[in-house]
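Peer 1: A single structure is presented below for examination.
Each reported figure results from applying straightforward, stated rules to the coordinates on display, with no laboratory input. Fair warning: this is a prediction, and the values are worked out from it, not measured in the lab. Backbone-built Cβ (ideal geometry, glycine too); neighbour counts: all protein chains shown.
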Amino acid sequence: MAFETTVKVTGDNVVYQFNPQLKQYALGDTGFVKNNAGSYVMKRSLEPEKGLDNAIKLKVVVDKALTGIKIKTVNPSGNATVNIFKHKQHEELEKMYRFYLNELVEREIITIK
């Protein structure tokens with residue numbers, strides 16, 4: 001999956017747009033960590049009672065040039081996309097998902113298109 005300027009998560013009807021004015025320090029302030037490839041990654045558990053390693057996660061990745069973003073909901077191992085909107089616990093998962101993405105909107109990392 002390539003980095004995009006607009007992203008729509010599987011099953012969601014909201015389209016998010018990357019803020020091209022984003023500064024690197026804003027990512028650190030919101031919990032992004034730089035990986036070996038130079039990209040900035042934020043993972044958040046959508047099932048807090050299970051912990052990060054055993055839960056469905058929200059994964060947000062910003063490329064190292066700060067020009068694009070990826071947003072996915074993934075399984076506990078992180079290797080497959082999960083449609084949380086069709087999950088049997090979709091209400092709880094969606095509540096956490098919206099909370100984390102609204103935080104990114106408030107911090108002006110993304111906007112709702």
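Peer 1: Would you list the strands (runs of 3 or more DSSP E) that sit entirely within the stretch 5-63 and hold 3 or more residues that are not hydroxyl-bearing (S, T, Y)? Give the steps one after another, and end with the answer.
Peer 2: Details: elements: 6-8, 15-18, 40-45, 57-62.
Passing ranges, in order: 15-18, 40-45, 57-62.
Peer 1: Given the residues V62, V41, V82, which is the only one that is under 18 Å from E106 (Cβ atoms) and surrounded by 13 or more Cβ atoms within 10 Å (Cβ to Cβ)? Before you say what the answer is, go through the steps one by one.
Peer 2: Numbers: V41 fails: under 18 Å from E106 (Cβ atoms); V82 fails: under 18 Å from E106 (Cβ atoms).
Answer to the check: V62.
Peer 1: Given G51, G68, which one is small (G, A, S) and surrounded by 14 or more Cβ atoms within 10 Å (Cβ to Cβ)?
Peer 2: Details: G51 fails: surrounded by 14 or more Cβ atoms within 10 Å (Cβ to Cβ).
From the options G51, G68, the qualifying one is G68.
Peer 1: Is it the case that some residue within the stretch 73-81 is assigned to a helix (DSSP H, G or I) and not small (G, A, S)? Walk me through how you get there before you give the answer.
Peer 2: Taking the stretch 73-81 and keeping what is assigned to a helix (DSSP H, G or I), we get none.
Taking every residue of the stretch 73-81 in turn, none turns out to be assigned to a helix (DSSP H, G or I) and not small (G, A, S).
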